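See below for the structure under consideration.
The values are calculated or read from the model by the stated rules, or taken from the named source; none is laboratory data. Keep in mind that this is a model prediction, so the values were computed, not measured. Here the Cβ positions follow ideal geometry from the backbone for every residue, glycine too, while neighbour counts run over all protein chains shown. Each accessible area value is taken on the protein alone, full model and side chains, heavy atoms only, with ligands, DNA and RNA left out. Shrake-Rupley method; radii C 1.70, N 1.55, O 1.52, S 1.80 Å.
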Amino acid sequence: MLVSVAEGLAVRSDLWWQRGIIYQVYPRSFQDSNGDGVGDLEGIRARLDYLEWLGVDAVWISPIYPSPMADFGYDVSDYTGIHPLFGTMEDFDRLLEEVHARGLRMILDFVPNHTSEQHPWFLESRSSRDNPKRDWYIWRDPGPGGAPPNNWLSVFGGRAWAFDERTGQYYYHAYLNEQPDLNWRNPEVQEAMLAAMRFWLDKGVDGFRVDVMWHMIKDEHFRDNPLNPDYREGMPTYDQQIPAFSVDQPEVHDVVAKMREVVDDYEERLLIGEIYLPIPQLVTYYGRDDRPGAHLPFNFQLITLPWNARRIAAAIDEYEGELPEEAWPNWVLGNHDKSRIASRVGARQARVAQMLLLTLRGTPTLYYGDEIGMHDVEIPAEKVQDPSALRNPGLEMGRDPMRTPMQWSSADGAGFSDAEPWLPVARDYRRVNVEAQRGDEGSMLCLVKRLIELRRREAALSVGDYYPVNANTDDVLAYYREHAGRRLLIALNFASARRRLARESGGWRGRVLLSTHPDRSRRGVSGEVELAAHEGVVVALEGAD
């Protein structure tokens, strides 16, 4: 049914991605099926029973396209193929068929901002200044004395311009030299990339997560970025500037609208945008009534904010207040680029974090392994793979620690591979693994499964309204979720000591449906809500409130 009739951004309460939960798979690290130490499509297929058991609704797969692997697949050399490392197109078709047979959905990573330097388009573009594809990428003449055209910096360190000796011009790369940026102001580029999206949609994929969506359009005048007055020694070199002209340009919304038009030509497909921007800028990527944008511009506040109850409560309220009326919220707790939640907040608070993620209003995204409490893994210097770490030694920019193999069992290789894995397995894998935790009612995995079951059972959690609760203590985050007269209270203790959640007048009456401490579930609540250290609860309230 429709909950809003506004044209373009209208939101239906029965869309799969509103009620559903997205699960991110980093394919290199999920399951190896052929003994080469790297995960693959057949490995994902072999683990679909687990995803179905867990209760998630969609699997988002990081890039599997042909690539020289300078940035592990984010340097694409063919947008309509499968890298042999992961399998064949037949393997992909079989995986997609079985995903759908289980009632699940598949979301593909789409990388539109840049290609590989080995992509045929770029090979043509750099061959001569008068090649028909020259303008498919961003080429500029040198500045005075042969300097780069402007001061823009690469996210991975150093200048964002690479000089091409053959043609005497620089090309722009927001990331690695091997990842030249496409010129999305060129209509031919737009049509070629939209055609690639249609290729996968025609196959039946259920949507895309669009990589670095806010990067796709650059300032047409190529003005220098201003210096960052808050930069301090030891920060990544990219932070020396405020990227005012190299990202988040007004015209990017026209590109996003065209992507949305393509997706909307197919039934119930989803467009997600990776966007690291402050909330007022982020929400503009939902688009407008006459120019809809992404269904879900990814909201990374739970990744980027300090783990502080007051700060997060304020951020939730700001986000809810900034959302366009018809926009659907979303929350992300972990991904392949940022430190795992268990490493950021500790194992006990990671349980509270999962309750927060799965009870907030909006679509949640789970990162593989977070459901069992996987943590960042220390990578010996000789085994570092990530180019951002290799280019910025000593700055802890590496993404390898949060991309290590999924821990399935206590068998050698954690059940991930019979060969030496491409990255080391965590030392605690014999204890922290799916097999061990499925049989332990007190485990993180069983908690996450119960949270997912509760979310599916309680419409108040999946599609209900959100109302903040003013906590009487700085360490507790609390809010209501309500739907059709059913009201739930969520109270989360961020402290390592007991806390009480009280009201200025009266109290609460109800029963705890679920606690992060299994032995404290199903207890009654009368008056105050008593919280053990590191405890979160979902309380079904009784009567008028």
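At R0 = 41 Å, how high is the FRET efficiency between TRP307 and ASP93 if r is their beta carbon distance? Nearest 0.05 is fine.
0.45
If Rh is defined by the Kirkwood formula over all Cα pairs and Rg also comes from Cα, what ratio Rg/Rh do you get for segment 495-536?
Answer for segment 495-536: 0.97.
Report the equivalent ellipsoid semi-axes for segment 235-383 in whole Å, largest first, defined as the square roots of five times the eigenvalues of the gyration tensor built from alpha carbon atoms.
28, 20, 17
Expressed as a whole percentage, what fraction of the accessible surface of segment 69-194 belongs to carbon and sulfur atoms when a 1.4 Å probe is rolled over the protein heavy atoms?
48
ARG102 versus SER127, label points 7 Å from Cα toward the beta carbon: distance in nm?
So the label points at ARG102 and SER127 sit 4.4 nm apart.
Counting only protein chains, not ligands or nucleic acids, how are TYR74, TYR467 ordered by accessible area (probe 1.4 Å), most first?
My answer, sorted largest first, is TYR467, TYR74.
Rounded to whole Hz and in sequence order, give me ³J(HN,Hα) for segment 491-498 from the Karplus expression 6.51 cos²θ - 1.76 cosθ + 1.60, θ = phi - 60°, writing x for Gly and Pro.
After applying 6.51 cos²θ - 1.76 cosθ + 1.60, I find 10, 10, 9, 8, 9, 8, 9, 5 Hz.
Please report, in debye to the nearest 20, how large the charge dipole of segment 1-153 is about its Cα centre when each Lys and Arg carries +1 at its beta carbon and each Asp and Glu carries -1 there.
460
Computed from the mean reciprocal separation of all distinct C-alpha pairs, what Kirkwood hydrodynamic radius does the chain have, in Å?
24.5
Mind listing the phi-derived Karplus ³J(HN,Hα) values for segment 470-481, rounded to whole Hz, using 6.51, -1.76 and 1.60 with θ = phi - 60°, and x for any glycine or proline?
6, 7, 8, 9, 5, 8, 10, 10, 9, 6, 9, 10
In whole percent, and with a 1.4 Å probe on the protein chains, what portion of the accessible area of segment 213-316 is carbon and sulfur?
51
Just to make sure I understand: if all protein chains stay in place, what is the order of ASP93, ASP418, ASP181 by accessible area at 1.4 Å, largest first?
ASP418, ASP93, ASP181
Quick check: pseudo-label points 7 Å beyond the Cα along Cα→Cβ at ASP202 and ALA532, how many nm apart are they?
5.7
From the helices alone, meaning DSSP H stretches of at least four residues, give me the mean residue ellipticity at 222 nm for the chain, per-run term -39500 (n - 2.57), in deg cm²/dmol to the nearest 500.
Mean residue ellipticity, 222 nm, calculated: -6500 deg cm²/dmol.
Quote the convex hull volume per residue of segment 400-471, based on C-alpha atoms, as a whole number of Å³.
Value for segment 400-471: 163 Å³ per residue.
Taking only protein heavy atoms into account and a 1.4 Å probe, give the accessible area per residue of segment 391-435 in Å².
47
Taking amide H positions as placed 1.01 Å from N in the peptide plane, with prolines and chain starts having none, which residues 5 or more places from LEU182, or on another chain, fall under 5 Å of its amide H?
Under 5 Å from the amide H of LEU182: HIS114, THR115.
Show me the three semi-axes of the equivalent ellipsoid for segment 168-324, from the C-alpha gyration tensor (sqrt of 5 times each eigenvalue), largest first, rounded to whole Å.
27, 24, 14
Determine the distance separating the Cα centre of segment 249-301 from the Cα centre of segment 141-185; give it in Å without decimals.
Using only Cα atoms to place each centre, the spacing works out to 27 Å.
Within the P(r) computed for segment 136-192, what percentage of the Cα pairs occupies the region above 12 Å?
Percent of Cα pairs beyond 12 Å in segment 136-192: 65.
On full extension of the chain, what length is gained from ARG291 through THR473, given 0.36 nm per residue of separation minus the C-alpha to C-alpha distance?
61.2 nm
Taking H as built 1.01 Å from N, whose amide H comes closer than 5 Å to the amide H of GLY157, not counting residues under 5 places away?
Amide H neighbours of GLY157: TYR238.
Would you mind getting me the FRET efficiency between ARG456 and ARG232? Use the beta-carbon distance for r and R0 = 60 Å, nearest 0.05.
0.85
Determine how large the accessible area of TRP422 is when every protein chain is in place; take a 1.4 Å probe and give Å² rounded to the nearest 10.
30
What accessible area, in Å² to the nearest ten, does a 1.4 Å probe give for ARG129?
Around 120 Å² of this residue is reachable by solvent.
For segment 98-104, in order, what is each residue's ³J(HN,Hα) by Karplus, 6.51 cos²θ - 1.76 cosθ + 1.60 with θ = phi - 60°, in whole Hz (x at glycine and Pro)?
6, 4, 5, 4, 8, x, 9
Would you please give the FRET efficiency between ARG511 and ARG348, computed as 1/(1 + (r/R0)^6) with r the Cβ-Cβ distance and R0 = 22 Å, to the nearest 0.05?
Efficiency for this residue pair is about 0.40.
Debye calculation, C-alpha points only, no solvent: report log10 I(q)/I(0) for segment 185-267 at q = 0.11, 0.20, 0.23 Å⁻¹, in the same order as the q values.
Calculated log10 I(q)/I(0) at the listed q: -0.43, -0.92, -1.09.
Please give the net charge around ALA497, taking every other residue with its beta carbon less than 14 angstrom from that of ALA497, where Lys and Arg add +1 and Asp and Glu add -1.
0
Considering only protein heavy atoms, what per residue accessible area in square angstrom results for segment 240-344 with a 1.4 angstrom probe?
37
Short version: what are the Cα gyration tensor semi-axes of segment 308-416, square root of 5 times each eigenvalue, largest first, in whole Å?
The three semi-axes for segment 308-416 are 30, 18, 13 Å.
Please state, to two decimals, what the Cα-based radius of gyration of segment 295-371 comes to when divided by 2.2 N^0.38 Å (N = residues).
1.06
Please give the per residue accessible area of segment 440-532, computed with a probe of 1.4 Å over protein heavy atoms only, in Å².
Value for segment 440-532: 45 Å² per residue.
How big is segment 406-545 on each of its three principal axes, counting only the C-alpha atoms and giving the largest first in Å?
62, 33, 24
Could I have the simple spin-label model distance between ASP428 and ALA195, label points 7 Å from Cα toward Cβ, reported in nm to one decimal?
5.1
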